[in-house]
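Have a look at the structure below before the remarks.
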Amino acid sequence: MDALSLVGIVLAFLMLILGTVLHGSSIESLWNISAFIIVFGGTAAAVLLHTPMPVVRRALSIVRWVFSPPRLHARDLVSRIVGWSEISRRQGLLGLEPSIDKETDPLIRKGLQLLVDGTEPEIIRSVLEVEISTREHTDMDAARMFEHAGVYSPTMGIIGAVMGLIAVMQNLADPGKLGHGIAAAFVATIYGIALAYLLMLPTAAKLKSITRSRAQLGELLVEGLISIAQGDNPRHIENKLKGFLS
């Protein structure tokens, strides 16, 4: 669990509610069903129109990373790579075969299998870099879906506000409805801006950061496996890979 993400989202909406109360409004004034439908429904519709289905599915599958990011322990991976290099020097590359079944990450499993199969170092690099690049591209596209939602939602908020004001103009003959109607119209603007800047854009930024970290970890893995394939000394491999830890 990423405590900072949880604290951030709770604090953002708590400050929004607190600000409303301090300005003399009630919490109930922040709720308007028509504004909610226009902003959230309109944003969802625009995103679905803009985004291919595979990207939508991937985005929905990785959004949990905001609160429960994948484990990215570069220091631990360096230690494992050094351990694999020591095994390969004592037992040969075939000695790494039992290590394959212990790994759950598909990229690590593929890399170790390529080593065990005696694949040339440059081919190992080429195969793994293609997979890392494809995975990074796919996850970046998924993160950008939330970024697009953050672009669309303020505009939907403005549309909701204008539609609300149109309704107000139709009731000018009844002054008792004007204040409530205008307040309700601007709730849509709040929804649109809050959805973008308190939720969607931060979510996109967090997912992009995690995706870049995963790609860097993949680069570390490639360099380590190539060094093992070339028969480098385990200590040299460790010193080389420590550069990724900075």
From the list A59, A46, which residue is in the same structural domain as I210 (by TED's automatic domain parsing) and closer than 23 Å to I166 by Cβ?
A46
Selected residue (only one of G164, G160 is in contact (Cβ under 8 Å) with a residue 60 or more places away in the chain, surrounded by 15 or more Cβ atoms within 10 Å (Cβ to Cβ), more than 30 Å from the chain's Cα centre (by Cα) and within 30 Å of I37 (Cα to Cα)):
G164
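Rundown of residues vs (1) surrounded by 14 or more Cβ atoms within 10 Å (Cβ to Cβ); (2) in a helix (DSSP H, G or I); (3) polar (S, T, N, Q), yes/no style:
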{"position": "I9", "(1), (2), (3)": "yes, yes, no"}
{"position": "G19", "(1), (2), (3)": "no, yes, no"}
{"position": "S25", "(1), (2), (3)": "no, no, yes"}
{"position": "S34", "(1), (2), (3)": "yes, yes, yes"}
{"position": "V39", "(1), (2), (3)": "yes, yes, no"}
{"position": "T43", "(1), (2), (3)": "yes, yes, yes"}
Could you say whether any residue in the range 146-153 is in contact with a Lys or Arg (Cβ under 8 Å, 6 or more places away or on another chain), of a type in the set (V, I, T) and either part of a helix (DSSP H, G or I) or free of Cβ contacts under 8 Å to residues at least 24 places away in the same chain (or both)?
no
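Based on this model, can you work out whether H137 counts as over 30 Å from R90 (Cα atoms) and out of contact with any helix residue (DSSP H, G or I) (no Cβ under 9 Å at 6 or more places or on another chain)?
On the way: over 30 Å from R90 (Cα atoms): yes; out of contact with any helix residue (DSSP H, G or I) (no Cβ under 9 Å at 6 or more places or on another chain): yes.
So H137 passes the test.
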Condition set touching an Asp or Glu at 6+ places or on another chain (Cβ under 8 Å) and of a type in the set (A, V, I, L, M, F, W, C), scope the range 211-233, selection nearest to L93 (Cα to Cα): answer is A229
Just one listed residue, out of S133, S99, S79, S126, is buried (at least 17 other Cβ atoms within 10 Å of the Cβ), hydroxyl-bearing (S, T, Y) and in a helix (DSSP H, G or I), and it is S99
If I filter the range 51-75 down to residues being among the hydroxyl-bearing types (S, T, Y) and in a loop (DSSP other than H, G, I, E, B), which single residue comes out as farthest from G243 (Cα to Cα)?
T51
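The values are calculated or read from the model by the stated rules, or taken from the named source; none is laboratory data. Nothing here was measured: the structure is a model prediction, and the numbers come from that model. Positions of Cβ are backbone-derived with ideal geometry, glycine not excepted, and every protein chain shown enters the neighbour counts.
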